Structure formats: C-alpha cells, structure tokens
1. Of all the residues that make up segment A:88-105, how many are exposed (fewer than 12 other Cβ atoms within 10 Å of the Cβ) and either assigned to a helix (DSSP H, G or I) or touching a Phe, Trp or Tyr at 6+ places or on another chain (Cβ under 8 Å) (or both)?
2. Look at A:Ile298 and say whether it is open to solvent by less than 10 Å² (accessible area, probe 1.4 Å), over 20 Å from the mean Cα position of the chain (by Cα) and under 21 Å from A:Glu344 (Cβ atoms).
3. So, A:Met274, is that one out of contact with any Asp or Glu (no Cβ under 6 Å at 6 or more places or on another chain) and assigned to a strand (DSSP E or B) or not?
4. Being small (Gly, Ala, Ser) and open to solvent by 60 Å² or more (accessible area, probe 1.4 Å) is the filter; apply it to segment A:358-389 and report the residue that is nearest to A:Ala293 (Cα to Cα).
5. When residues of segment A:325-334 are filtered for being over 16 Å from A:Ala27 (Cβ atoms) and at pLDDT 95 or above, how many remain?
6. Determine, yes or no, whether A:Lys186 is away from RNA strand B (no atom under 15 Å from the Cβ), without any contact (Cβ under 8 Å) to a residue 40 or more places away in the chain and out of contact with any Gly (no Cβ under 8 Å at 6 or more places or on another chain).
Amino acid sequence: MGKEDAGITVSKNDDFSEWYTQVVLKAKLADYAPVKGLIVLRPDGYSIWESLRNTFDKKFARNGIRNGFLPILIPESLLGKEQKHFAGFNPEVFWVTHSGTNVIGDRLALRPTSETLAYTLYSKWIQSWRDLPLKINFWNTALRAEIKATKPFLRTSEFLWQEGHTVHSTQEEAEKEVMKILDIYKNTVEEELAIPVTTGKKSNKEKFVGAVYTTTMESIMPDGKALQMGTSHFLGQNFSKPFEVKFADKDNVEHFAWQTSWGVSWRLIGAMIMAHGDDKGLVLPPKVAPMQAVIVPIYRNDEGKEAVLPKVEEIRKELESKDIRVHVDEREGLSPGYKFNDWELKGVPLRIEIGPKDIGKNSMVVAKRHNLEKISLSFTEIGKIPRILDEIQVEMLKKAREEAESNTLEISDYPEFKSKIEEGGFFNSPWCGKLECEEKIKEETGAEIRVIPFGSENANQKCIYCKEQSISVPVFARGY
RNA sequence: CGGGGCGUAGCUCAGCCUGGUAGAGCGCAGCGUUCGGGACGCUGAGGUCGCAGGUUCAAAUCCUGUCGCCCCGACCA
C-alpha cells in the first residue's frame, strides 16, 4: 500500500460506515471470521474487553454478585417454556439438530440468552428465603442469527457479553437491584470509555419481551444514530412462575420469587470506536488502552542509537514503575514518520519521542492522541505523565458530552420532527403514552422511542403526534 | 427472505469480450543506504485463477451446475 491508503482512506464525516470498518480492521482490533456475521478478536481488541470485564467484576463483587458458567446448548423444550420470550427470539435462533449422523429429538438451541436455562437451575437451588438473594453473573457469548448486514462489534451473529441473573424475595428488592446495576453500567461506561449515556426506561413496545419493564442506557453516536449500550430488566414473576422459582418464606408460606436480568456486550467497544475515533484512526481512552504510552526512539546512526536507547530504557522503566502500560517501538528500518502514523492509527493515548535533539535538551516530545497536541517535557517531569493520562480521560468525556448535547434537540412540532430526523440526533419530544402514536412515528420517520429518561414524566405538554395530553418526554431517534 | 454485484498472490485489482508462457501496485523476506510526520535501491519468495462437471488439441478465459462473499429493502445487544 502506498502512503495514500496505508491508513484510513475515508473521512469520518464523509462515509461513517466505511470509516468505522476500516478503523476496526486496520487498528487490528478484530477481523472477519470465515463464517458470515462472525468476527475474531485480536489481542488489542480483546484487551479492551478484558479491561471492561475487570472493572465490572470488581463492581459486581462489591454488590454481592459472583460469576458462574452456563453451557451453550439449551433444549428447545426449555427455551419454549416462557412463550412470549420464546416468540421474541425464535427467528434468530441457531439450532443444533444432529450429533454426528444421529438426529437429536429435542433439538438444541445455541443460546440466544440464558434466562430459561439459568432459571431451571435456580428453581433447584432455591428452596428457602435463606437462599435469597441469589446473584450470579455469566461472562459468555450469545448467538443470534443476523440476516441483515452485520458490522463488527455492533451487529454480529455471535457476541461476547455478560448476563446477570438475580433472584429476590421481594419486588422492592428486585427493583432496587435493577437500578443498582443500571447505575454500575452508567458510571463504568462514562468513566472507563468516556461515553456519556442517557438512562431511563424502554417503552412497552421496545422492552425485552420477557420483562415487566426494561431500563436502558442509550448513547448518541457521531452520525446521529442511537446505540443501546446496555439494559437491566425487571422480570417480576414472569419467569419464576413457569420455571417454578419458589421459596418458603419465614412464615413457611411458599412464594414465587422476583427476578432481574441484565447485560452489556462488546457493542460497548463499537461505541467507543465511533465516539472517539478520527480520520487518523482509533482514539483510545487511557483507562482501557492496552498501551497507554509508546516511546519512539529516533536516531540517525549507531552513535545516535547509543545515545538515545539508554535514555529510552530509563524512561520506560520509570513509567512502568508508575503502572503506566508502556511500549518501546524498537522496530528497525521504519522511519519515525511511519511509526507516528502507525501508533495514531492504533489510538495509543500518548506517544513519546526521544531523539538526539531531546537528549541534548534533556527533554522529550509528548504527543497526545486525542487532540494531536504536542508538548515538551523535561526528563525530570516524567512524574506528570499519569496526571496527563487522567486529564485526557476527562477531556475525552467532556468532548463526547458536548457533542452529544449539540445533537440533542427539544422538538414538540411534528413537521419539524420529520424534517430534522434525516440529520439524526436525539429528539426530546412529548408523548401521550399510546402505542399507536409510537408506531405511527416509527412508520413515518424511522425514529423510535429509545429511552424514556428518568424524571421526564410530564403532563403539561401535548403529544407530538396526536396532540393529546403528554405523559412523558422520551428520546426519539433512529437506531443501530 | 426479495433485487444487484463479485470470487485470479497476504491486500486492492488487471487479464476473460476475441481460448495458446498467470500479471501490476502495495505488502512480505534478504542486503545496502536512510531515519524529528507514511524514505529509497537492488535481489527474491509467494498462485490447485472459489469448487465440480462439460466443450476443445488446448480453459483464468466459453457453457452448465454449485458454494461462498459483498451491497440495497421487513427483526435484535
């Protein structure tokens, strides 16, 4: 490849979709698998997932949630036990129908989600109020056949996620858990990935089919489309009844339990790529970056090399002692310019350049990936690096928040809604609560209710569609 | 599922119409010169032309079938 197409060849503004795919592939986060709709994670991509997983695991543990493991095959008889749930997933289930040449009678589903399997076991494990609450999280993959065009991380037929399943003795406690999880999701996504989210409830139409209600966090992407970042469901007794998840209370009366389920997927990585990337490639938030700083030594000849490398090594060790994930680019035969572009493509937050000039001045050039700013730091100021990384993390969230705000509009006039929806964005528009209006709006504009933000109840306005009294001001948007 | 396009080197593609030695650029390997924003020269490796049949003295090229992938229209994290 020549200079022109060594990096990202399209602009994020001109062809967002192509830009996204190129960043994923060229930054070496993932690659396509031999089977349509499936992707392979490469170490830099998987490392981001591991980082998120570690953060979530710590927060889950603090909340009394432990990890377990569930098998991938679920018999059809189990999957069909909760009818609405089953109907919702049926078109996209992969089925295993043979073992070798033998036909399997009760065919096996590759899990689209594990509620039915988990709760079959839960009903065995739970007998008494003393067994509650039961809170288990599962890191695994789910499989859902995607007929429509797929996109790495955003829509694939198999995706990495976590699914948490909790059981409680009271409705109140279960509902509290739903909110607690949503809160963990929100602060993790904002603090680690630097992506602002809007939390609230899904409409009845958009909720998880098996749930009493679904809480969600939604983000707006730079192309104006909404992306669901995670959901936390209150299941009520919708599953505990068919699966007989029952417990004897202190008064020795048997009750059906109250349940929750919740999940986030590697879609979060896709959101991170879209939210922060630019025309030079990926931009990683320091907290999840596999490498936080890369040192590029520069020298012309052996003498230069001998002068530069010991200093580079010294700096590397100092940074490592401060728990900075640092890498030295020792590749021979590549020009500094090539390396700069290469690391920018891969999104490493800080690039440190050390060459003969710097040795003379006792300083180094530090380039920030997120704003392409270059500063000079003396070798004695190396202690500032961790703080700079923290600042970058904060600046990235701030910038993403400003962008999201500028893409959020208050619109109560339907013609205006229709004319502006083409450009995308989050539209805060009053709604009467009726399904017909929600459906008509979707049909006529492609926009759906992404989230009804907490605290958006409002009876003082008129529904944007039917002009009757509003009950809330949901976020309408076109989605991924 | 309905409509269009494409399968030739690791990647992007030319060659096919009009059958006759399988090509280019980039990438890759070695050597040398380079090195502060995508350096250059030389040498070299790398191919069952998606697969299976057929026509022919001869098939990447023509015919038939088949498989796979990509793009556009109804569901989902």
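1. Residues meeting the conditions: 1.
2. Values: open to solvent by less than 10 Å² (accessible area, probe 1.4 Å): no; over 20 Å from the mean Cα position of the chain (by Cα): yes; under 21 Å from A:Glu344 (Cβ atoms): yes.
The answer is no for A:Ile298.
3. On the way: out of contact with any Asp or Glu (no Cβ under 6 Å at 6 or more places or on another chain): yes; assigned to a strand (DSSP E or B): no.
Here the answer is no, as A:Met274 does not meet what is asked.
4. A:Ser376
5. Residues that pass the stated criteria total 3.
6. Criteria not met by A:Lys186.
Results for (1) open to solvent by less than 40 Å² (accessible area, probe 1.4 Å); (2) under 30 Å from A:His255 (Cβ atoms); (3) within 14 Å of RNA strand B (Cβ to nearest atom), shown as yes or no for each residue.
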position: A:Gln127; (1), (2), (3): no, yes, no
position: A:Thr170; (1), (2), (3): no, yes, no
position: A:Ala174; (1), (2), (3): yes, yes, no
position: A:Ile195; (1), (2), (3): yes, no, yes
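So that you can scan it fast, the table gives a plain yes or no per residue for (1) within 16 Å of RNA strand B (Cβ to nearest atom); (2) of a type in the set (Lys, Arg); (3) more than 30 Å from A:Leu25 (Cβ to Cβ):
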| residue | (1), (2), (3) |
| --- | --- |
| A:Lys346 | yes, yes, no |
| A:Lys357 | yes, yes, yes |
| A:Ile382 | yes, no, yes |
| A:Glu416 | no, no, yes |
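The values are calculated or read from the model by the stated rules, or taken from the named source; none is laboratory data. The shown structure was predicted, so the numbers you read here are calculated from the model rather than taken from an experiment. A quick note on method: Cβ atoms are made from the backbone with ideal geometry, for glycine too, and the neighbour counts reach across all protein chains shown. To get the accessible areas, we keep the full protein, side chains included, count just its heavy atoms, and leave off ligands, DNA and RNA. Shrake-Rupley method; radii C 1.70, N 1.55, O 1.52, S 1.80 Å.
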